[in-house]
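Q: Let me begin by handing over the structure; questions about it come next.
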């Protein structure tokens, strides 16, 4: 797999469209940080890292519990990968654009860790834009 972050976003998008309650994927530190931001922004209900049982496998799995509105409407209506392995997209501290005029969230990886676009502007840092969620 050449782009594990795009795979994570595709799994989340497909699971919300199919109205699943949870989705599992191979875990990494960056994916856990993205899931942490999605939880803190209210897009998902929670997440947990499932360690492999002895003899089963070598990689931990990340389980994301999805969240829906009171009438079953999706909270993640759109999710897109911005910076890809073939074309990296960076923004300076003054150039981080809002997503859907402030209604969405951009997730950046900066020198201070993974954070939202609003947090990056507040902290005065720029970085690579991983994805946009709305």
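Bear in mind that the values in this text are calculations on the coordinates, not laboratory data. Everything numeric in this text was worked out from a predicted model, so none of it was measured. All Cβ positions, even for glycine, are placed from backbone atoms using ideal geometry, and neighbour counts span all protein chains on display.
Q: Determine which member of the set 126, 72, 92 is in contact (Cβ under 8 Å) with a residue 12 or more places away in the chain and under 21 Å from residue 23 (Cβ atoms). Full working, then the answer.
A: On the way: 126 fails: under 21 Å from residue 23 (Cβ atoms); 92 fails: under 21 Å from residue 23 (Cβ atoms).
Just one listed residue meets the conditions, 72.
Q: Can I ask one more? Please list, ordered by first then second residue, the pairs with beta carbon atoms under 6 Å, 6 or more apart or interchain, first in the stretch 33-44 and within 15 Å of residue 61 (Cα to Cα), second surrounded by fewer than 23 Cβ atoms within 10 Å (Cβ to Cβ).
A: That search, which allows pairs on different chains as well, returns 33/114; 35/47.
Q: Quick check: anything in the stretch 80-87 closer than 24 Å to residue 16 by Cβ and without any contact (Cβ under 8 Å) to a residue 60 or more places away in the chain?
A: Just the residues of the stretch 80-87 that are closer than 24 Å to residue 16 by Cβ, to begin with: 80-84.
Filter once more, keeping what is without any contact (Cβ under 8 Å) to a residue 60 or more places away in the chain: 82-83.
Yes, the conditions are met somewhere in the stretch 80-87.
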